[in-house]
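The values are calculated or read from the model by the stated rules, or taken from the named source; none is laboratory data. None of the values given here were measured: they were computed from a predicted structure. With ideal geometry, Cβ positions are generated from the backbone for all residues, glycine too; neighbour counts draw on all protein chains shown. All accessible areas refer to the heavy atoms of the entire protein, side chains included, with ligands and DNA or RNA removed. Shrake-Rupley method; radii C 1.70, N 1.55, O 1.52, S 1.80 Å.
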Amino acid sequence: MATQSRVICKLLLLVLLPLLLYIVPTEGIFSGESICLIKSIFGIECWGCGITRAFFSVLYFDFAAAWEYNPLIYIVLPLLLWLWARELYCTVCKLRQK
């Protein structure tokens with residue numbers, strides 16, 4: 001019973017993840033103080049900062065800005081979506097087996 005409740009919680013989290021990412025306040029991501037170590041030490045944007053901003057730009061359908069932040073988002077995002085969908089599918093399959 002405990003494992004079934006864990007699977008249900010995981011499924012709920014996977015389903016709510018896109019919504020949770022959509023409602024994250026983006027002021028800190030796009031214009032706030034950076035907590036990036038590379039930017040703090042060297043004063044330059046790192047690829048991680050760019051990919052985060054690009055991800056949120058795509059999430060809000062601003063594809064041109066996403067390309068400006070980091071063009072690799074168009075490789076990374078499909079991979080992330082595939083991993084998310086695969087995990088969602090596997091979790092649903094586990095729930096059906098119980």
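Annotations for the structure displayed:
- Selection from segment 71-82 of residues that are within 15 Å of the chain's Cα centre (by Cα) and either open to solvent by 80 Å² or more (accessible area, probe 1.4 Å) or farther than 19 Å from Leu16 by Cα (or both): Leu72, Ile73, Tyr74, Ile75, Val76, Leu79, Leu80, Leu81, Trp82
- Segment 33-55, residues that are farther than 22 Å from Pro71 by Cβ and under 19 Å from the mean Cα position of the chain (by Cα): Ile35
- Selection within segment 25-38: residues that are assigned to a loop (DSSP other than H, G, I, E, B) and open to solvent by 50 Å² or more (accessible area, probe 1.4 Å). The member of this set that is farthest from Pro78 (Cα to Cα) is Glu33.
- Yes/no for Leu12 being in a helix (DSSP H, G or I), exposed (fewer than 11 other Cβ atoms within 10 Å of the Cβ) and free of Cβ contacts under 8 Å to residues at least 24 places away in the same chain: no
- Candidates are the residues of segment 83-98 that are among the charged types (D, E, K, R) and part of a helix (DSSP H, G or I); the one that is farthest from the chain's Cα centre (by Cα) is Arg96.
- Of all the residues in segment 39-69, those that are open to solvent by less than 70 Å² (accessible area, probe 1.4 Å), at negative phi and in a loop (DSSP other than H, G, I, E, B) number 1.
- Annotation note: Cβ proximity below 6 Å between a residue of segment 46-72 that is closer than 13 Å to Ser31 by Cα and a residue that is of a type in the set (Asp, Glu) and modelled with pLDDT of 90 or more (sequence gap 6+ or interchain) occurs for no pair.
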